[in-house]
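Asks: Dropping a structure here in structure tokens format, bear with me for questions.
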Amino acid sequence: MFDDSKTKTVLQVEDLKMHFPLIKGLMRRRVGTVKAVDGVSMTVQQGETVALVGESGCGKSTLGRTILRAYEPTAGHIHYNPRGSDNVVDLAGLNNNEMQKYRPDLRMIFQDPFTSLNPRLPVVDIISEPLRANKIAEGVEAKDRVADIMRKVGLRPEYMERYPHAFSGGERQRIVIARALVTNPHIVVADEAVSALDVSVRAQTLNLLQDLQDELDLTYLFVSHDLSVVEHIADRIAVMYVGRLVEFARAEDLFRRPLHPYTEALFSAIPIPHPKLRGKQHRVQLPGDVADPANPPSGCPFHPRCAYARDICKKEVPELAETGSGRTVSCHRADELALKGVL
Ligand SMILES: Nc1ncnc2c1ncn2[C@@H]1O[C@H](COP(=O)(O)OP(=O)(O)OP(=O)(O)O)[C@@H](O)[C@H]1O
Ligand code: SF4
Ligand SMILES: [Mg+2]
């Protein structure tokens, strides 16, 4: 379990932006900019699990991928403190060559174990691929590492010569996890890592991820639509809306007492399969769709959908501000609103 009394900042993201060109028409002309991530600042402590939540299209995957430098950020900083080192490096400022050194430290667990595994490769080749790609190990040494990580994720190393089709959905997800962890990473972005699994396998996989976190000293950025999963696994939750964080707080605080109207609406709209809570949930309507990140509304981007909006909300962008006790929120009215939680 994460102990926040002895924290070390492993990641400090500062005003990070990831904008994509918006291309339209037969001539493939650039007609605008999709501000998928638009000024995110957050710190992540070693060994914790930070969940990224928000409706589809809010920029969760883009934020995760940009932090791993799958993309070249448009602006901002990604200060990273490698394991066992006092140095801090800004990943956002590195070119691809310089970034190679850190690629093994920052890894991604992908969503779908059925499409993300090459059916024509034996499992040993699939899991050892990042070792070869990052020039970490090959031959017997790579095989030994594959056997070791297979044991850790609960797969039998004797099966490493088999092909993906010989494994069940849950086992395939363990192969995906093994491939991410074989480089001994520090930070792992799990993007909907358990979403494709059925309920019982999902619970086992979440427990496995938690055991591995303790054993291997991993820090997780956990992207999920499923708030019951998030409740189970997250130490802190970052709520995103149209490329920005609107609230960032300890998981329990957010479930008990959200400070941002979007958090209140998002959490209340999604049923939590918790026997104690069933039927007691206070539901807030979340009208309309997520704003277009190529053309976000003025002021607070949530204002067209917010039941608490006032004139100022249309005009001024609220800052993401500290509220004390480690919480941050970006709402003009955060101090005066008494929003309802779901716990
Ligand atoms: N490579 C890209 N090129 C152009 N636009 C992109 C690209 N990747 C994402 N976007 C756009 O950026 C916005 C955020 O997308 P993103 O995939 O990060 O959202 P998400 O929160 O992960 O959504 P979901 O919950 O559906 O996975 C969307 O409007 C998406 O269409
Ligand atoms: S700033 Fe205004 S519109 Fe935005 S969430 Fe707060 S009350 Fe709603
Ligand atoms: Mg996504």
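The values are calculated or read from the model by the stated rules, or taken from the named source; none is laboratory data. All values reported here derive from a predicted model rather than from experimental measurement. All Cβ positions, glycine included, derive from the backbone under ideal geometry; neighbour counts span all protein chains shown.
Asks: Name the residues in the stretch 83-123 that are in contact with an Asp or Glu (Cβ under 6 Å, 6 or more places away or on another chain) and either at pLDDT 95 or above or of a type in the set (V, I, T) (or both), would you?
Replies: P122
Table: residues versus (1) within 16 Å of ligand 2 (Cβ to nearest atom); (2) more than 23 Å from R244 (Cα to Cα); (3) in a strand (DSSP E or B).
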{"residue": "T33", "(1), (2), (3)": "no, no, yes"}
{"residue": "A36", "(1), (2), (3)": "no, no, yes"}
{"residue": "S41", "(1), (2), (3)": "no, no, yes"}
{"residue": "R69", "(1), (2), (3)": "no, no, no"}
{"residue": "H77", "(1), (2), (3)": "no, no, yes"}
{"residue": "D86", "(1), (2), (3)": "no, yes, no"}
{"residue": "Y102", "(1), (2), (3)": "no, yes, no"}
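Asks: Restrict the check to the stretch 65-84 and report whether at least one residue is at positive phi and either among the aliphatic types (A, V, I, L, M) or over 19 Å from the mean Cα position of the chain (by Cα) (or both).
Replies: Checked against the condition, which is being at positive phi and either among the aliphatic types (A, V, I, L, M) or over 19 Å from the mean Cα position of the chain (by Cα) (or both), the stretch 65-84 yields at least one hit.
Asks: Can you list residue pairs whose Cβ atoms sit under 7 Å apart, with the first residue in the stretch 56-77 being within 18 Å of L94 (Cβ to Cβ) and of a type in the set (S, T, N, Q) and the second being part of a loop (DSSP other than H, G, I, E, B) and away from ligand 2 (no atom under 16 Å from the Cβ)? Count only pairs 6 or more apart in sequence or on different chains.
Replies: Listed by first residue and then by second, the contacts come to T66/P73.
Asks: Are there strands (runs of 3 or more DSSP E) fully within the stretch 168-274 with at least 3 residues that are among the β-branched types (V, I, T) and crowded, with 19+ Cβ neighbours inside 10 Å? List them.
Replies: Fully inside the stretch 168-274 and qualifying: 187-191.
Asks: May I ask you to list the residues in the stretch 36-61 that are within 8 Å of ligand 1 (Cβ to nearest atom) and surrounded by fewer than 24 Cβ atoms within 10 Å (Cβ to Cβ)?
Replies: E55, S56, G57, S61
Asks: Only one of these is closer than 29 Å to A51 by Cβ and of a type in the set (D, E): E158, E171, E141. Name it.
Replies: Values: E158 fails: closer than 29 Å to A51 by Cβ; E141 fails: closer than 29 Å to A51 by Cβ.
The unique qualifying residue is E171.
Asks: Right, something else. I'd like to check something: does the stretch 313-336 contain any residue that is part of a loop (DSSP other than H, G, I, E, B) and within 16 Å of ligand 1 (Cβ to nearest atom)?
Replies: no
Asks: Something else: Could you count how many residues in the stretch 109-161 are under 14 Å from A178 (Cβ atoms), crowded, with 17+ Cβ neighbours inside 10 Å and of a type outside the set (A, V, I, L, M)?
Replies: Total meeting the criteria: 8.
Asks: Does the stretch 189-226 hold any residues that are within 15 Å of ligand 3 (Cβ to nearest atom) and either over 26 Å from R151 (Cα atoms) or modelled with pLDDT of 90 or more (or both), and which are they?
Replies: V189, A190, D191, L221, F222, V223, S224, H225, D226, listed by residue number.
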